Amino acid sequence: MKYWKTLNPPDIITAVLCAVAAFLIFSRMGTLGFATAATYGGYYLLVLAFVLAIVPLMDRTKHWSIQNPVVRFVRYLYPAIMLGVFFNWTQPVSHMFFAEPFDALMIKADMWLFGFSPGRDLAGMLGNNYFLSEYMNLSYLSYYLTPWLPIYFYFAGKRKEFYYSAFVACLVMYTCFIVQSVFPVEGPIYNDASIGGHLVAGPISAFAANFLSGADVPGSAMPSGHVAGTMTIFFLTWIMFRKAFWVTAPVWISLCISTVYGHFHYAIDAVVGFGMAVMAVYVVAPALYARFFPELMPDAVAGSRKPSPDSPPVTAPNAKKTH
């Protein structure tokens, strides 16, 4: 086990995702076809090999080309960099268990909960207001800023806080990717032609429509990764960085509303994503972390009322300090 001793909690959970996803894909080769299963199962195995073989090697290598700040940033932040890639890999395999999407079931759930379908009708009920539509699309795009908290902890040198926030965010998003891979839901935009595609009001929403037409993947709407990931960071900010919570709260609340307003998700997608974030942040992640990584538990998460002292910079255990 000495070779893998530098693997940290985000590394380990990324390896678990890759192993689980590859197993599911290869087990459904008969449904997916050899080419698709070999391609996407192979992608996950390549990332798994990177985590288990290359990452520890990077930590053991003392050469300046590996120990420079840019490469170290990639070494520690690669899970955040890979989130978009992992998300895109869900769509080609999303029908490996079920041939047809479950959008009709999601619409029924929305009707039962709200009496109408918010993902299809909310914008129209609010009048398709120009400025509101522009703001909602801007809010939706702000999702790509959600990894800010682990990145902040990384550059602040707060090792425990960085590991924990990255682990919890990965736990939530990776769970979303697994569920999306086996439970296909297209979402209102792609399932209901009467909506007419993305909601466009002005330049911001036009840019969003153009960008998201390439970034979004039909079949991966349940649960809403936007809501799950956003609320995870939202709750972690409350626990670990209270001052920033009040500054960022309006952005994250608007982002969650925008997922439904802009026809990106059914409301039930958002409800499930919210529930996943609550369970992960307050129940599952603390229990897992206390079981497997107790020595890395941040004081704020452990319940200390005192602010957590600055932790050492995020560097490999055997790396030479440069400052």
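Derivation of every value follows stated rules applied to the coordinates shown; laboratory data play no part. Everything numeric in this text was worked out from a predicted model, so none of it was measured. Quick reminder, even Gly has a Cβ in these numbers, built from the backbone with ideal geometry, and neighbours come from all protein chains shown.
Toward the positive end of the charge dipole of the chain, with +1 on the Cβ of Lys and Arg and -1 on the Cβ of Asp and Glu, the farthest Cα among 88, 296, 270 is that of 296. Distances between placed amide hydrogens fall under 5 Å for residue 185 paired with 102, 219, 220, 221, 222, all partners being 5 or more residues away or on another chain. Computed on the stretch 20-169, with alpha-carbon pairs under 8 angstrom and 6+ residues apart, the relative contact order is 17 percent.
Using only DSSP helix segments of four residues or longer, with each worth -39500 (n - 2.57), what per-residue ellipticity at 222 nm results for the chain after dividing by its residue count and rounding to 500?
Numbers: 18 runs with 213 residues, N = 323.
For the chain, the value works out to -20500 deg cm²/dmol.
Charged side chains reduced to their Cβ positions (Lys and Arg at +1, Asp and Glu at -1) give the chain a dipole of some 1620 debye around its Cα centre.
Within 10 Å of each residue's Cβ, count the other Cβ atoms and sort 213, 139, 65, 27 from fewest upward. Walk me through the intermediate numbers first.
On the way: 213 11, 139 25, 65 7, 27 14.
Ascending number of Cβ neighbours within 10 Å: 65, 213, 27, 139.
Taking 108, 158, 243 as the candidate residues, the one with maximal mean-square fluctuation in a Gaussian network model of the chain, Cα springs under 10 Å, is 243. Close Lys pairs in the chain, defined as Cα atoms under 27 Å apart and 8 or more places apart or on different chains, number 23.
Across the stretch 7-302, Cα pairs under 8 Å and at least six residues apart give a relative contact order of 23 percent.
How large is Rg over Rh for the stretch 7-302, taking Rg from the Cα atoms and Rh as the Kirkwood inverse mean of 1/r across Cα pairs? Walk me through the numbers on the way to the answer.
Numbers: Rg = 19.6 Å, Rh = 20.1 Å.
Radius of gyration over Kirkwood radius for the stretch 7-302 works out to 0.98.
Neighbour counts of C-beta atoms inside 10 Å place 111, 240 in the sequence 111, 240, starting with the fewest.
Using the number of other C-beta atoms within 10 angstrom as an exposure proxy, rank 265, 63 with the fewest first.
Numbers: 265 30, 63 8.
In order of increasing Cβ crowding within 10 Å: 63, 265.
Taking Cα pairs under 8 Å and at least six residues apart, what relative contact order does the stretch 17-83 come out at, in percent?
Values: 31 pairs, mean separation 17.1, N = 67.
Worked out over the stretch 17-83, it gives 26 percent.
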